[in-house]
Each structure stands twice: as structure tokens, then as C-alpha cells.
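Input: a single structure, listed below in C-alpha cells.
Each reported figure results from applying straightforward, stated rules to the coordinates on display, with no laboratory input. Treat the numbers as computed from the prediction; the structure is a model and nothing was measured. Note: ideal-geometry Cβ built from the backbone for every residue, glycine included; neighbour counts use all protein chains shown.
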Amino acid sequence: MPDCIFCEIVHKRMQSDIVYEDPEVVAFHDINPQAPVHVLVVPRLHIESVQEVTTDQVELMGKMIMVAQEIARKTNVDEGGFRLVINNGINGGQTVSHLHLHLLGGRRMTWPPG
């Protein structure tokens, strides 16, 4: 997808601090972290938002969660707890039009999030 910063990262045309990658999913540190651990988990396939996910991509969504679990273990935030967030659309706080899951940890989270 032209002009998609996450596609640029996924296809290695833009540098990022990648912490995980496989044929379907890439994970990298957020450039504007909101917690000591703030990793974005994205599908290699360009999907604009959670609203665009199809029934054929349900397994991919589950894989993104499993990758987040693995990263939480590797960054030692699994036992104390962490937050997974998927923003959708402008009012939902989505700033990049490429589906992504935020893994946030390393501090106590508050509610409501804002």
C-alpha cells in the first residue's frame, strides 16, 4: 500500500526496531512509547483497520495475540500484567491506517484509558 508507514517497515524499506517477525506478522517498538514496553504487532498483509478484518483473517488475528503473548514473556511483563489495544478509526484513536495491536506493559495501567 503506497504511503503506509507500517507497510514500509514490514517490507524493510524503513528502519524500525523489530522484535519479532514471521511470514504473517511483524512486531516492533513504537516510536512514541506510552509505557516502558510498547510494541506494535502488525500483519504483513495491509488491512486498514479492525473493521476491514474478514472471516478468512480470524486466524491471523489470533496469531497477533499469540505473538503479543510471546513478546510479553520475553520483555518480562507477562506476570505483572499488560494491556493489548486495537484502536479503530479516528474517534477510536487510530493514527495509522494499517491494523495494529499495541502491547503496553511495564507500569500500572489506569482506567478509563482516555
For this session: Look at Ile47 and say whether it is in contact (Cβ under 8 Å) with a residue 12 or more places away in the chain, surrounded by fewer than 17 Cβ atoms within 10 Å (Cβ to Cβ) and either of a type in the set (Val, Ile, Thr) or assigned to a loop (DSSP other than H, G, I, E, B) (or both).
Result: no
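Each row is one residue, and each column tells you yes or no for (1) of a type outside the set (A, V, I, L, M, F, W, C); (2) surrounded by 17 or more Cβ atoms within 10 Å (Cβ to Cβ); (3) touching a Leu at 6+ places or on another chain (Cβ under 7 Å).
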site	(1), (2), (3)
Val39	no, yes, yes
Asn76	yes, no, no
Gln94	yes, yes, no
Leu99	no, yes, no
For this session: Can you give me the number of residues within region 54-71 that are assigned to a loop (DSSP other than H, G, I, E, B) and either surrounded by 17 or more Cβ atoms within 10 Å (Cβ to Cβ) or among the acidic types (Asp, Glu) (or both)?
Result: 0
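Identify, please: which residue in region 1-21 is of a type outside the set (Val, Ile, Thr) and buried (at least 17 other Cβ atoms within 10 Å of the Cβ) and is, among those, nearest to Gly106 (Cα to Cα)?
Initial filter on region 1-21 (of a type outside the set (Val, Ile, Thr)): 1-4, 6-8, 11-17, 20-21.
Now narrow it down to the ones that are buried (at least 17 other Cβ atoms within 10 Å of the Cβ): 6-7, 16.
On the way: Phe6: 24, Cys7: 27, Ser16: 21 Å.
Among those that are of a type outside the set (Val, Ile, Thr) and buried (at least 17 other Cβ atoms within 10 Å of the Cβ), it is Ser16.
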Exercise. Of the residues that make up region 62-84, is at least one within 20 Å of Cys4 (Cα to Cα), more than 13 Å from the chain's Cα centre (by Cα) and of a type outside the set (Phe, Trp, Tyr)?
Worked result: no
For this session: Any chance you could count how many residues in region 22-37 are under 20 Å from Asp78 (Cβ atoms) and surrounded by fewer than 20 Cβ atoms within 10 Å (Cβ to Cβ)?
Result: 7
Exercise. Which of the residues that make up region 1-29 are charged (D, E, K, R), outside any strand (DSSP E or B) and on the phi < 0 side of the Ramachandran plot?
Worked result: Glu8, Arg13, Asp17, Asp22, Glu24
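Answer yes or no as to whether Ile5 is out of contact with any helix residue (DSSP H, G or I) (no Cβ under 9 Å at 6 or more places or on another chain) and without any contact (Cβ under 8 Å) to a residue 40 or more places away in the chain.
Numbers: out of contact with any helix residue (DSSP H, G or I) (no Cβ under 9 Å at 6 or more places or on another chain): yes; without any contact (Cβ under 8 Å) to a residue 40 or more places away in the chain: no.
Here the answer is no, as Ile5 does not meet what is asked.
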